[in-house]
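Enquirer: Quick one: structure below, then a few questions.
The values are calculated or read from the model by the stated rules, or taken from the named source; none is laboratory data. Treat the numbers as computed from the prediction; the structure is a model and nothing was measured. Using ideal geometry, Cβ is built from the backbone for each residue, glycine included, and neighbour counts are taken over all protein chains shown. For the accessible areas, the whole protein counts, side chains as well, though only heavy atoms, and no ligand, DNA or RNA atoms are used. Shrake-Rupley method; radii C 1.70, N 1.55, O 1.52, S 1.80 Å.
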Amino acid sequence: QVHLVESGGGLVQPGGSLRLSCAASGSVFSGAAMYWYRQAPGKQRELVALITTGGITNYDDSVKGRFTISRDNAKNMVSLQMNSLKPEDTAVYYCRLFSARGDYWGQGTQVTVSS
């Protein structure tokens, strides 16, 4: 069984930065693609960023140039560095691990961008 635990959310002013982290238990991390999603109130969950096992990254257009996804296979951790935050970035952020052994989600961490 794989467990994902997100951390690093909080309240930040527009233009500020936050760094989200997702720690994974289990032994499948290095062979798994990792994703960050977000869900704002009243909206569908949307993909924000992904990183493959080989380190290839992709981003939603709304966060390109502001967010950076990275992974540390030695620590079984994926991070999302978020800069130049905007009020529209307010959402619950979820990490997802997808591998041949299964599809797992964390419980989410709240990010609120407000003055």
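Enquirer: Work out from phi, with θ = phi - 60° and the Karplus expression 6.51 cos²θ - 1.76 cosθ + 1.60, the ³J(HN,Hα) of each residue of segment 58-70, listed in order in whole Hz, and give x for Gly and Pro.
Expert: Along segment 58-70, the couplings run 8, 9, 5, 4, 5, 10, 4, x, 10, 10, 9, 9, 8 Hz.
Enquirer: In segment 68-112, which trypsin sites (Lys or Arg not before Pro) are in a loop and have at most 14 other Cβ atoms within 10 Å, using DSSP for the loop call?
Expert: Numbers: sites: 71, 75, 96, 101; in loops: 75, 101.
Hits after loop and neighbour filter: 75, 101.
Enquirer: I would also like to ask the following. For residue 75, which aspartates and glutamates qualify as cross-link partners when the Cα separation must be under 18 Å and same-chain residues fewer than eight apart are set aside?
Expert: Those aspartates and glutamates meeting the cut-off are 6.
Enquirer: Between residue 58 and residue 3, 0.36 nm times their residue separation minus their Cα-Cα distance comes to what? Could you put the intermediate results ahead of the total?
Expert: Details: separation 55, 0.36 × 55 = 19.80 nm, distance 2.36 nm.
Going from the current span to full extension adds 17.4 nm.
Enquirer: Any idea how far apart residue 44 and residue 73 come out in nm if each label point goes 7 Å out from Cα toward Cβ?
Expert: Distance between the two pseudo-spin positions: 3.3 nm.
Enquirer: Roughly speaking, to the nearest percent, how much of the chain's 1.4 Å accessible area is carbon and sulfur?
Expert: The nonpolar share, carbon plus sulfur, comes to 48 percent.
Enquirer: Per residue, how much accessible area does the chain have with a 1.4 Å probe, in Å²?
Expert: Details: 5880 Å² over 115 residues.
Here the residues of the chain average 51 Å² of exposed surface.
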